[in-house]
Amino acid sequence: MSISVRVVGADPQHLSRITAALPGDSESLALRIMTGGALEAAGEVQRDPPDLLVLDAPALDEADLALLESSLLSAPATAMVLLSPDRSSEFLMRAMRAGVREVIPSPSAAADLSAAFARQLERLGLQRLGMPAGTVIALVPAKGGSGATFIATSLAAELAAKGARTLIIDLNAPFGDAALHLVEERPTATLADLVRQVGRLDATLLESVAVEAGEGLSLLAAPDSIESFEQVGADAFERILALARSRFRFVLLDVGRSLDPVTVRGLDRADRILLVSQPSLPYLHAARRVLDLFAGLGYGSDRIDLVLNRFERGVEPSADEASKMLGVKVADLIPNSYRAVGRAINHGQPIRASAPRDPVAKALSVLAERLLSQPRPGRGDASDSSPSKPVRH
């Protein structure tokens with residue numbers, strides 16, 4: 001079965017360059033070229049949704065993006081690639097929220113175009129094979145001190161112990177310390193080092209940069225400086241995340257408090273978002289702000305779980321009160337066990353290794369079982385299982 005491709009643009013020369021960069025196997029591609037802009041592209045999606053839509057647009061305003069978003073919502077299987085000279089973070093984030101799968105700088109070298117198209121066509125081809133994808137889970141703190149990194153690393157260890165090959169990616173740069181929870185020595189390579197070699201990205205490179213943190217458990221450490229993190233572009237990170245999904249049963253993203261194109265791309269692609277909060281009013285008020293932000297980004301509440309950390313029964317506010325205050329169901333309660341948790345962190349071990357019978361370890365085991373019992377997403381993007389999220393593949 002061929003993959004249908006539509007290429008839309010106003011400049012005939014640009015259209016010629018774009019189509020020349022597509023793979024030359026005419027038998028596998030059903031290609032149609034159209035002259036036009038956002039209106040024509042949206043109309044094409046609505047009439048006969050292609051597998052891959054490529055739009056060359058020198059300028060798009062809010063009305064254009066809203067039109068594209070509306071059409072892509074009606075065709076969730078369509079992957080859209082946008083060629084644009086606008087590289088501002090505001091535009092890139094808006095394009096992602098509209099459902100654009102990848103934004104390519106315009107003009108781009110033929111090799112860059114070919115690589116971008118190959119990525120999308122590979123995802124589409126693999127998706128059609130029906131191969132299961134790994135599950136991406138983002139852990140987000142309501143505010144500093146929520147315990148999201150501890151839960152992310154301990155949960156990753158639980159999943160690995162239950163036979164699910166797991167990778168944790170630390171996106172909390174430059175303050176990421178997930179490695180301190182899992183390994184004795186500071187990793188010599190980070191996510192930024194992988195990005196610098198993204199042109200030759202493959203499974204061998206990914207697994208050579210990631211640190212082995214236990215049987216079936218790997219860690220991709222955060223860049224250790226703002227400058228290094230700024231080298232991690234959203235498109236490069238998405239390539240890494242897509243490869244990780246194909247190699248690991250679970251990919252856990254330890255997300256910090258700041259939002260940037262990389263973390264937003266990770267959140268967009270996450271199958272589940274675990275919002276970690278402590279059950280006190282300052283934390284719950286912060287959690288409410290984060291939920292409002294998620295709503296603004298188009299994330300449906302159906303894929304957001306609230307995790308209350310350091311929970312104590314009989315102490316106000318209760319789990320029910322927290323749920324009513326935030327308007328979401330509390331999915332998991334992690335009890336307060338200060339000494340055991342502190343000992344695990346100080347020894348650089350997941351709590352299942354330092355205190356396997358502690359109530360915290362048992363609660364995290366239950367959380368891991370819950371995640372393992374959920375259906376796996378389809379091959380490709382995390383949004384496969386998130387119909388409320390306006391991101392397409």
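Quick rundown of the values:
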read-out	value
Net lengthening on full extension, Thr188/Ala77 (0.36 nm per residue, minus Cα-Cα)	36.0 nm
Residues of the range 234-258 with amide N under 19 Å of a point placed 7 Å along Cα→Cβ from Gln197	236-248
Overall form of the range 3-128 per C-alpha gyration tensor (a/c, 1.5; a/b vs b/c)	rounded
Rounded to the nearest 20 debye, dipole of the range 3-128 from Cβ charges on Lys, Arg, Asp, Glu	280 debye
Size of charge dipole - the chain - debye, nearest 20, with Cβ of Lys, Arg +1 and Asp, Glu -1, no other charges	1100 debye
Label-point gap, in nm, between Asp292 and Ser280 - each point 7 angstrom along Cα→Cβ	2.2 nm
Rounded FRET efficiency, nearest 0.05, which uses the C-beta distance separating Thr204 from Met325 and R0 of 51 Å	0.60
Shape category assigned to the range 214-337 from the gyration tensor of Cα positions, a/c cut at 1.5	prolate
Sequence-distant aspartates and glutamates (8 or more away, or on other chains) whose Cα lies within less than 14 Å of Lys329	Asp302, Asp305, Asp320, Glu321
DSSP bridge orientation in the chain - percent antiparallel, rounded to nearest 5	5 percent
Dipole-positive endmost among Gly327, Ile104, Ala210 within the chain (Cβ charges, Cα centre)	Gly327
Restricting the range 88-196 to trypsin sites (Lys or Arg not before Pro) in coil, as DSSP defines it, with at most 11 other Cβ within 10 Å	none
Net charge of Cβ neighbours under 15 Å - reference Arg32; Lys, Arg +1; Asp, Glu -1	-3
Bins of 20 Å, starting at 0 and running to the largest distance - Cα pair percent for the chain	28, 55, 16, 1
Cα long-axis angle, helix 12-21 against the chain (0 to 90 degrees, to the nearest 10)	60 degrees
Exposed GluC sites (Glu not before Pro) absent: longest stretch of the chain, with sites in DSSP loops and at most 16 other Cβ within 10 Å deemed exposed	28-183
Sequence-distant residues sharing a close amide H with Ile169 (under 5 Å, placed H)	Leu220, Leu252, Leu253, Asp254
Shape category assigned to the range 273-384 from the gyration tensor of Cα positions, a/c cut at 1.5	oblate
Using θ = phi - 60° and Karplus 6.51 cos²θ - 1.76 cosθ + 1.60, couplings along the range 321-326 (whole Hz; Gly, Pro as x)	5, 5, 5, 5, 5, 9
Leu39 versus Ala66: modelled label distance in nm, points set 7 Å from Cα along the beta carbon direction	1.6 nm
For the range 202-284, size of Cβ-based charge dipole, Lys and Arg +1, Asp and Glu -1, in debye	380 debye
Per-residue ³J(HN,Hα) for the range 240-255, Karplus 6.51 cos²θ - 1.76 cosθ + 1.60, θ = phi - 60°, Hz, x for Gly and Pro	5, 5, 4, 5, 4, 4, 7, 10, 10, 5, 10, 10, 9, 9, 8, 9
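Coordinate-derived values only; no laboratory data. Since we're looking at a predicted model, the values are computed, not measured. Note that we place each Cβ from the backbone using ideal geometry, even for glycine, and neighbour counts take in every protein chain shown.
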